[in-house]
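Colleague: So that we are looking at the same thing, I have put the structure below in structure tokens.
The values are calculated or read from the model by the stated rules, or taken from the named source; none is laboratory data. These numbers come from a predicted model, not from an experiment. Using ideal geometry, Cβ is built from the backbone for each residue, glycine included, and neighbour counts are taken over all protein chains shown. Protein only, heavy atoms only, side chains kept; ligands, DNA and RNA dropped before computing areas. Shrake-Rupley method; radii C 1.70, N 1.55, O 1.52, S 1.80 Å.
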Amino acid sequence: MSTTTTRINPLSYLTEQLDDLKAKGTHFRLRVLEDEQSPVCTFDGRKVINLASNNYLGLTTHPKLREAALEATRKYGVGSGAVRTIAGTMKIHLELEEKIARFKNVEACVVFQSGFAANAGTVSAVLGKDDFIISDQLNHASIIDGARLSKAKILVFRHKDIGHAEEQLASVKHQPGRKLLISDGVFSMDGDIGPLPQLCDLAEKYGAIMMVDDAHASGVLGRNGRGTIDHFKVHGRVDIQVGTLSKAIGALGGYVCGSRDLIDFLYHRARPFLFSTSHPPSVAATCIAAFEVLENEPERIEKLWENTRFWKKELGLLGFDIGGNTTAASEIRTIMTATHKKAELDQALEVLKKVGKRMGILS
């Protein structure tokens with residue numbers, strides 16, 4: 001006689017945790033975009049003004065990028081079919097990396113499947129358990145995860161506090177092991193810029209490796225969007241530059257720039273590079289076209305800054321606190337793009353004004 005037993009779900013604890021999130025009001029569902037990533041688009045059947053996209057320059061729909069993707073697909077197919085170290089390095093991947101290296105004024109570049117992979121893979125590759133990471137407290141999650149994966153000792157300094165950063169460096173000055181000083185170029189939530197010249201001074205004073213994550217500065221700051229290193233004219237003083245192809249560039253991926261030896265080392269030790277299939281040729285071609293647009297259409301960046309200046313001014317006039325808040329107050333991140341029209345921004349300001357008054361934030 002056979003008996004059946006009811007199997008206890010070993011993942012039931014996940015349901016309990018989800019119920020807890022719902023009770024706290026922090027559970028969310030994914031919004032579904034039904035058309036192009038544009039200033040006005042459709043989410044879940046509703047037409048909205050989109051202030052949440054990292055598509056800073058509107059390149060996701062640029063005709064030159066569309067055509068580059070289609071042409072590469074027709075010529076090379078839809079995928080690379082392998083990891084970079086076996087059979088997945090196509091000529092077009094090398095063309096992209098060479099283009100980025102020239103753009104960033106460095107010896108070499110390697111492209112990763114995402115900006116997250118670029119940060120996490122690089123930090124965990126270049127450091128080990130006997131080393132030290134000195135990191136801004138508001139650095140991106142990918143830096144934090146990379147630091148943990150490296151097993152290096154992590155010292156956090158207060159946001160943009162040069163004095164505290166020096167204290168942390170000085171505290172391990174005589175300890176064996178390498179020291180890595182790392183900061184975002186532009187911080188993702190408040191949009192403030194890292195103090196790169198002073199951090200470079202500290203790195204040189206204490207013999208530390210200097211690393212900058214320029215994800216939100218790529219395509220936005222510096223000449224034709226070359227980033228914070230160019231913005232501050234600290235070329236040659238930043239040992240490791242990380243950027244993204246997923247925001248202003250309009251496509252997908254991340255990259256690391258530096259010396260040829262750094263890039264060669266990452267070929268051998270960066271696990272996301274070693275164990276991930278390379279980009280489809282269409283993505284590589286799209287990114288190449290994007291850098292050409294940066295060089296040839298600088299007016300896009302100026303329009304982005306024009307919209308940004310207008311938005312900040314108008315929010316301030318409405319009475320919103322637009323920066324410098326050091327309390328535990330919650331915040332809303334709004335993102336400008338070069339393709340937002342003034343009428344759209346005016347409409348969004350009116351909505352924020354009404355909601356602000358209804359919530360008692362504005363008088």
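Colleague: Within the range 12-19, can one find any residue that is within 30 Å of Asn54 (Cβ to Cβ), part of a loop (DSSP other than H, G, I, E, B) and open to solvent by 100 Å² or more (accessible area, probe 1.4 Å)?
Modeller: No; the residues of the range 12-19 include none that is within 30 Å of Asn54 (Cβ to Cβ), part of a loop (DSSP other than H, G, I, E, B) and open to solvent by 100 Å² or more (accessible area, probe 1.4 Å).
Colleague: I've got another one for you. Can you tell me which residue within the range 176-227, out of those that are surrounded by 20 or more Cβ atoms within 10 Å (Cβ to Cβ) and among the polar types (S, T, N, Q), is farthest from Ala125 (Cα to Cα)?
Modeller: This residue is Ser218.
Colleague: Let me ask something else. Among the residues of the range 259-295, write down those that are open to solvent by 50 Å² or more (accessible area, probe 1.4 Å) and under 20 Å from Ala217 (Cβ atoms).
Modeller: Across the range 259-295, the qualifying residues are Glu292, Glu295.
Colleague: So, in the range 81-117, of the ones that are of a type in the set (S, T, N, Q) and under 14 Å from Phe273 (Cα atoms), which residue ends up nearest to the chain's Cα centre (by Cα)?
Modeller: Ser114
Colleague: (1) within 11 Å of Val110 (Cα to Cα); (2) free of Cβ contacts under 8 Å to residues at least 60 places away in the same chain: which one isn't true of Phe273, the others all being true?
Modeller: Of the numbered conditions (1) within 11 Å of Val110 (Cα to Cα); (2) free of Cβ contacts under 8 Å to residues at least 60 places away in the same chain, the odd one out for Phe273 is (2).
Colleague: Pick out the one residue from Thr60, Thr42 that is in contact with an Asp or Glu (Cβ under 9 Å, 6 or more places away or on another chain) and touching a residue at least 60 places away in the same chain (Cβ under 8 Å).
Modeller: Criteria check complete, one pass: Thr60.
Colleague: Out of the range 31-70, which residues are open to solvent by 30 Å² or more (accessible area, probe 1.4 Å) and β-branched (Val, Ile, Thr)?
Modeller: Hits for the range 31-70 are Val32, Val40, Val48, Ile49, Thr60, Thr61.
Colleague: May I pose another question? Can you spot a residue in the range 160-175 that is closer than 21 Å to Ala215 by Cα, touching a residue at least 24 places away in the same chain (Cβ under 8 Å) and open to solvent by 20 Å² or more (accessible area, probe 1.4 Å)?
Modeller: yes
Colleague: Related question: Being at pLDDT 95 or above and touching a Phe, Trp or Tyr at 6+ places or on another chain (Cβ under 7 Å) is the requirement here; does Val40 meet it?
Modeller: For Val40, the condition - at pLDDT 95 or above and touching a Phe, Trp or Tyr at 6+ places or on another chain (Cβ under 7 Å) - is not met.
Colleague: Now a separate question. Look through the range 14-52, keep the residues that are touching a helix residue (DSSP H, G or I) at 6+ places or on another chain (Cβ under 8 Å) and of a type outside the set (D, E, K, R), and return whichever of them is nearest to Leu252 (Cα to Cα).
Modeller: Ranking the qualifying residues of the range 14-52, first place goes to Gln37.
Colleague: Same structure, new question: Which residue is farthest from Gly227 (Cα to Cα), if the candidates are limited to the range 238-258 and must be open to solvent by 20 Å² or more (accessible area, probe 1.4 Å) and out of contact with any Cys (no Cβ under 7 Å at 6 or more places or on another chain)?
Modeller: Leu252
Colleague: If I filter the range 28-38 for residues that are touching a Lys or Arg at 6+ places or on another chain (Cβ under 8 Å) and under 27 Å from Ser218 (Cα atoms), do I get at least one hit?
Modeller: Scanning the range 28-38 turns up no residue that is touching a Lys or Arg at 6+ places or on another chain (Cβ under 8 Å) and under 27 Å from Ser218 (Cα atoms).
Colleague: Filter the range 212-250 for residues that are within 15 Å of Ala118 (Cα to Cα) and aliphatic (A, V, I, L, M) and give the result.
Modeller: Hits for the range 212-250 are Val212, Ala215, Ile240, Val242, Leu245.
Colleague: Please identify the pairs in which a residue from the range 288-308 that is over 19 Å from Ala343 (Cβ atoms) has its Cβ atom under 7 Å from the Cβ atom of a residue that is open to solvent by 70 Å² or more (accessible area, probe 1.4 Å) and modelled with pLDDT of 95 or more, counting only partners at least 6 apart or on another chain.
Modeller: Listed pairs, sorted by first residue: Ile288/Glu95; Ala289/Lys64; Val293/Lys64.
Colleague: If you scan the range 77-98, which residues turn out to be assigned to a helix (DSSP H, G or I) and either among the aliphatic types (A, V, I, L, M) or open to solvent by 90 Å² or more (accessible area, probe 1.4 Å) (or both)?
Modeller: Those that are assigned to a helix (DSSP H, G or I) and either among the aliphatic types (A, V, I, L, M) or open to solvent by 90 Å² or more (accessible area, probe 1.4 Å) (or both): Lys91, Ile92, Leu94, Leu96, Glu98.
Colleague: Continuing with this model, one more query. Restricting attention to the range 337-363, which residues are of a type in the set (A, V, I, L, M, F, W, C), part of a loop (DSSP other than H, G, I, E, B) and at pLDDT 95 or above?
Modeller: Ala338
Colleague: Another one. In the range 186-228, what residues are more than 26 Å from Ala251 (Cβ to Cβ) and of a type in the set (Lys, Arg)?
Modeller: Listed by number, the list holds a single entry, Lys205.
Colleague: Mind checking which pairs have a first residue in the range 63-90 that is under 17 Å from Gly250 (Cβ atoms) and a second that is open to solvent by 50 Å² or more (accessible area, probe 1.4 Å) and at pLDDT 95 or above, Cβ under 8 Å, 6 or more apart or different chains?
Modeller: Close Cβ pairs (under 8 Å, with a partner that is open to solvent by 50 Å² or more (accessible area, probe 1.4 Å) and at pLDDT 95 or above) amount to Lys64/Glu292.
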